[in-house]
Amino acid sequence: MAKYTGMILTNKGKELLARAIIAQELITFTKVEIGSGDIFPEELPEELTGLKVSFKVLNITSTTVLEAGKFRVRVAFDNAGIVSDTYLKEIGVFARGEDGIEVLYSYCNTDDPDLIPGEGSGVIERVEDLVTYISNATTINAIIDQSNVYVTIKDLADGLATKEDEFNKNSGFNKNKSDSYSLDDSNVIATSKALKDGLATTFKTSDCYYGIGDYWITESSENPAVKWIETTWEKLEGRMLFGADGSVYRVGQEDGVSQLTLSVTNIPSHRHQVNSHNHTQPLHYHQTGKLSGERSSSYVEDYGYTSASGAGSRFYQENSVSARFPHTSSSGGESTGIASPYTDYQGSGAAFSVLNSYRAVNIWRRTA
C-alpha cells in the first residue's frame, strides 16, 4: 500500500495526541478500517470522524515506535467477506484515550486506488504497514488480535536479523566437543537455518487440531489446506452430515436423495368408496297405434221360399268389415343390471422435495 502513505491526523486525533503529550494520557490504537469512499474538493479530511464508505475492519497484529515521532501499525489483510471487486480508496487508523471513546485518529485517501478482488476470485492475504504520527507521546498501547497473528516472511526475517552478542570461545556458552563440554539442547543456540526449518515445520501441521477424518464446517470458501500447510482436505458438496449407528448407518456411508417420486408400493393400502345405488324404471305405459282387421271374401247364398207370385230366389253378398281400436300395456320395476363405476384419475406423479430446513455452508473433510 505504498500509495496510502500520506496519513494525516484528524482533529479528533490531534485532540487525543495533545492529551497524551500534556497529561501523559495513554493512547490505545484499536483497529484499522479500509473503505471505498471519495473525498470531494469542499471536504477537509481532518474533519472526518469515520470513513466515508467502510467495507472491512483490519485487526492490528503488531506496532513499532519509529524515529521522529512516527508510529508503525502492522495489519493482516485478506479479502474474506468481500463479495465483489472493490476499490480501496481510504484507510483510517482508530484509537482511544483513557476515557474509552474511540476516534478516527489518522486518515488517508487516494485517487489512484487498488482494486481488491472479491473472495470468489481467489484468496488474497498480505501484511501491510501503516505509519502515523505520535510526536513525543510516551504512553502508547495497541490492541493486538493474537488469533489473527501470522508469522510472515517479513516478521521472520526481522526476527532472524536480530542477533545475539557473539560469545568468545571457551566462555562457558560456546564450547565445542573438543573442549570436553557436554552439549544438550538447553545450551545450544540455534542457527538461522535451524530456526527457519523448525518454524516451517511448526507452522505446517502442529497447529491443526483437526485429525484425519475430522470435518471443518465454515462459510469461508478457502480450502483449509491454505490455513494448515501440508494438510489435505476434500470438500463435501450437496450432502448433510448424519449420525452413524454402526449397523444400518455406517461411518462413511453415503445415501439419500433430495427429491422423491412415490410409487404404488409407497402408498398405504387403501380403497375409494363409491356410493351404493340401484337403477329402476318407474311404472309407465307404452301406447300402440290404431289396429285394423278385415275380411275380404264374398259369397252368395240362395234361399228358397214360396211367393204368391210363384217360386223365386234372392241374392245376398257379404262385403269386408273393418274395425279399429287402441291398445296399451303397462311395464316397469325391472333392474337395469350390475354397475361397475370408477372414480376420476387424480395426481401427476411429480417428484417432491424431502429436504429439511437448511443453511448452506462449506464442509471439508481432512484426508491427510
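The values are calculated or read from the model by the stated rules, or taken from the named source; none is laboratory data. In this text, all values refer to a predicted model and were calculated from it rather than measured experimentally. Using ideal geometry, Cβ is built from the backbone for each residue, glycine included, and neighbour counts are taken over all protein chains shown.
Here are a few things to note about the model shown:
- The one condition in (1) exposed (fewer than 10 other Cβ atoms within 10 Å of the Cβ); (2) modelled with pLDDT of 85 or more that GLU222 fails to fulfil: (1)
- Failed criterion for GLN281 (all others in (1) exposed (fewer than 10 other Cβ atoms within 10 Å of the Cβ); (2) over 30 Å from GLY238 (Cβ atoms); (3) modelled with pLDDT under 80; (4) of a type outside the set (Val, Ile, Thr) hold): (1)
- The one condition in (1) among the hydrophobic types (A, V, I, L, M, F, W, C); (2) at pLDDT below 75; (3) part of a loop (DSSP other than H, G, I, E, B) that PHE203 fails to fulfil: (3)
- Evaluation of GLU164 against (1) outside any loop (DSSP other than H, G, I, E, B); (2) of a type in the set (D, E, K, R); (3) at pLDDT below 85 (one fails), failing number: (1)
- Against the numbered list (1) touching a Ser or Thr at 6+ places or on another chain (Cβ under 9 Å); (2) under 14 Å from ASN109 (Cβ atoms); (3) not charged (D, E, K, R), GLY50 comes up short only at (1).
- Strands (runs of 3 or more DSSP E) lying entirely in the range 1-99 (those with 2 or more residues that are surrounded by 13 or more Cβ atoms within 10 Å (Cβ to Cβ), small (Gly, Ala, Ser) and outside the structural domain of VAL226 (by TED's automatic domain parsing)): 86-96
- Members of the range 69-123 found to be aromatic (Phe, Trp, Tyr) and either touching a residue at least 60 places away in the same chain (Cβ under 8 Å) or more than 13 Å from GLU33 (Cα to Cα) (or both), listed by number: PHE71, TYR87, PHE94, TYR105, TYR107
- Scanning the range 234-261 for residues that are more than 20 Å from the chain's Cα centre (by Cα) and surrounded by 12 or more Cβ atoms within 10 Å (Cβ to Cβ), we see that the one that is nearest to TYR210 (Cα to Cα) is ALA244.
- Once the range 105-127 is narrowed to residues that are among the small types (Gly, Ala, Ser) and assigned to a helix (DSSP H, G or I), the residue that is modelled with the lowest pLDDT is SER121.
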